[in-house]
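Below: the structure, in structure tokens.
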Amino acid sequence: CLDEATFIACANPDEFVFWDSIHPSTASHQILAESTIALLKSLDKDESKSVPEPVSSASLGVIGLAWLFRKQLNKSC
């Protein structure tokens with residue numbers, strides 16, 4: 001769509017995939033975005049579930065015990 005000799009854009013850039021040999025046009029971005037949104041919405045409708053986090057209370061407990069143990073070691077030194 002871009003005339004590389006004069007650097008002037010064509011009159012109908014939405015009919016092209018690329019402005020030049022590298023940069024996608026606005027129409028290309030729109031198609032890509034709509035396709036991505038449709039894909040994400042279809043995945044959301046599936047019965048896929050999120051991955052559960054590890055048991056955070058146990059992890060926090062271990063960290064708390066380690067902190068207390070370290071604090072006790074520092075007092076004895």
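Every condition in (1) of a type outside the set (S, T, N, Q); (2) in contact with a helix residue (DSSP H, G or I) (Cβ under 9 Å, 6 or more places away or on another chain); (3) modelled with pLDDT of 85 or more is met by Trp19 except one, and the failing one is (3).
Once region 27-45 is narrowed to residues that are surrounded by 11 or more Cβ atoms within 10 Å (Cβ to Cβ) and of a type in the set (S, T, N, Q), the residue that is nearest to Leu2 (Cα to Cα) is Ser28. The residue that is nearest to the chain's Cα centre (by Cα), counting only those in region 1-26 that are of a type outside the set (A, V, I, L, M, F, W, C) and surrounded by 13 or more Cβ atoms within 10 Å (Cβ to Cβ), is Pro24.
The values are calculated or read from the model by the stated rules, or taken from the named source; none is laboratory data. These numbers were taken from a predicted model, which means no experiment stands behind them. When we count neighbours, we look across all protein chains shown, and the Cβ atoms used for this are built from the backbone with ideal geometry, even at glycine.
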